[in-house]
Amino acid sequence: MKIIKKAEHLRTAGLFRESLKLWKRIYKKALKKADIALTSDALIALGDLNRIIGNFKIAISYYEEACEIAQAVGNKLSEADALTGISLCKKATGEWKEALKILKKARKIYESSDDNKAIYFTLWAEGAIWRWGGRIKKSIDSFHKAFEGFKEIKDNEGIGYSCCGLGGSLRIYGNYEESMRYYKMANEIFHKIGDKFGIAYSFCGIGNALRMMNDFKGAEENFKKALDIYSKIGDIVSSSYTLWSMAMVYILKGKYKTALQYIEKAEKNFKKCEDPRGLIYCKLQRGMIQYLNKKKKMAVKYFNEAWQNAQIQDFALERKYAQALLNGKYSLPYNIP
């Protein structure tokens, strides 16, 4: 169907909301024709697109409907696709342990069907989930397995996103040069295949690697490139972290008013997406600014709130950062990886 090709072309081009409109039309047509296979495909596409633009609850409802249909007709692969989508939504809203359980169910199905591409995707997703939970060694291991798998089947998109995953986790692990290498590799791949979201994502990663190497000018340049693309494609999920990163640069440069403007934008998006992890990072930044403005009581208040929220979600890294700031372990401003 031409409309499906057009919808997928729009998705690849990063025009997610335009693609979403077409997939809604496809879904309605599939229902009228009682085309179960197309209905299932449309539901998963609608779940994917809503997840990408940060509508996680809506995405889960589409995935769950797809899962019910798949179970009713015995389509195990479609069920696994829906479960993988639910897992990624759960991760994004902080339920990372539940996300891992669901993802393991999906992988078992893919393994029984010898669907290698899907297996490698679940390894990539696992890396992202471990990273969310702050288990960085496990995250690196999963991303590396995904990277090697996608290389084996010559899937450039998979290689690119695995590079981004490795770049992020290696940065947190303190290996900034390797982080930069993987992000640059990803950026080159995404330019070749025309993946606009990937290009933006990798620019943000390059910026963060430069930030950790104290190249604030280079970091800011790359963040601006990322934000420009994110703005054009209408992203608010990943761009929120770029806004946070930009705020971090301005804190490090001593420009607290400008930093607060970026924090406020990031917070607005994190609240809209119901991302508890992003809000914790913003609290840490607000605490730093209060401390640097000689308002230690307010700083402690923000650090305490960040620690408590990280404790609830069992975010190991964020809890560690908040505790260390409370204990005065880090010199302020602290350049959070």
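The values are calculated or read from the model by the stated rules, or taken from the named source; none is laboratory data. If you're wondering where the values come from, they're calculated on a predicted model, not measured in any experiment. Counting neighbours? That spans all protein chains shown, and the Cβs are built from the backbone with ideal geometry, glycine included. For accessibility, only protein heavy atoms count, side chains too; no ligands or nucleic acids. Shrake-Rupley method; radii C 1.70, N 1.55, O 1.52, S 1.80 Å.
Angle of helix 316-326 to the longest C-alpha principal axis of the chain, folded into 0 to 90 degrees and rounded to 10: 20°. Counting every pair of alpha carbons in region 147-243, the share spaced more than 24 Å apart comes to 15 percent. In the elastic network of the chain, a GNM with C-alpha springs shorter than 10 Å, the most mobile of Ala34, Ala219, Ala247 is Ala34. Separation of region 39-62 and region 300-330 by C-alpha centroid, Å? Value for the Cα centre distance between the two parts: 33 Å.
Per residue of the chain, the DSSP helices (runs of n ≥ 4 H) give a summed -39500 (n - 2.57) that works out to -28000 deg cm²/dmol at 222 nm. Only Cα pairs under 8 Å and at least 6 apart count here; give the relative contact order of the chain as a rounded whole percent. 12 percent. Counting only Cα atoms, the size of region 184-241 along its three principal axes is 29, 23, 14 Å, in decreasing order. Computed from point charges on the beta carbon alone (+1 for Lys and Arg, -1 for Asp and Glu), the dipole magnitude for region 48-196 about its Cα centre is near 540 Debye. Here's the picture: charge each Lys and Arg Cβ at +1 and each Asp and Glu Cβ at -1 in region 21-118, and of Ser112, Ile102, Gly47 the one pushed furthest to the positive end of that dipole is Gly47. Which of Glu95, Glu220, Glu68 moves most in a GNM of the chain, Cα contacts under 10 Å? Sorting by GNM fluctuation, first place goes to Glu68. Across region 1-143 the C-alpha pair distances fall into 10 Å bins from zero in the proportions 13, 39, 36, 11, 1 percent.
Over all orientations, region 288-337 has a Cα convex hull whose mean projected area works out to 3.1 square nanometres.
Within region 131-188, the trypsin sites (Lys or Arg not before Pro) that combine a DSSP coil assignment with at most 10 other C-beta atoms in a 10 angstrom radius are Lys154. Only sites in a loop by DSSP and with at most 14 other Cβ atoms within 10 Å count here; which trypsin sites (Lys or Arg not before Pro) in region 12-93 make the cut? Filter output for region 12-93: Lys33. Taking only the C-alpha atoms of the chain, the Rg (one decimal) and the largest Cα-Cα distance, Dmax (whole number), read 20.2, 66 Å. Could you state the orientation-averaged shadow area of the convex hull built on the Cα atoms of region 199-337, in nm² to one decimal? Quarter of the Cα hull surface area: 7.7 nm².
Of the GluC sites (Glu not before Pro) found in region 250-279, those in coil by DSSP whose Cβ has at most 16 other Cβ atoms within 10 Å are Glu274.
In the context of the full set of protein chains, residues of the chain present 46 Å² of accessible surface per residue (probe radius 1.4 Å, heavy atoms only). Across the accessible surface of the chain, with the other protein chains kept in place and a 1.4 Å probe, carbon and sulfur atoms take up 51 percent. The fraction of Cα-Cα pairs per 10 angstrom bin, counted from 0 for region 252-328, comes to 21, 50, 28, 1 percent, rounded to whole percents.
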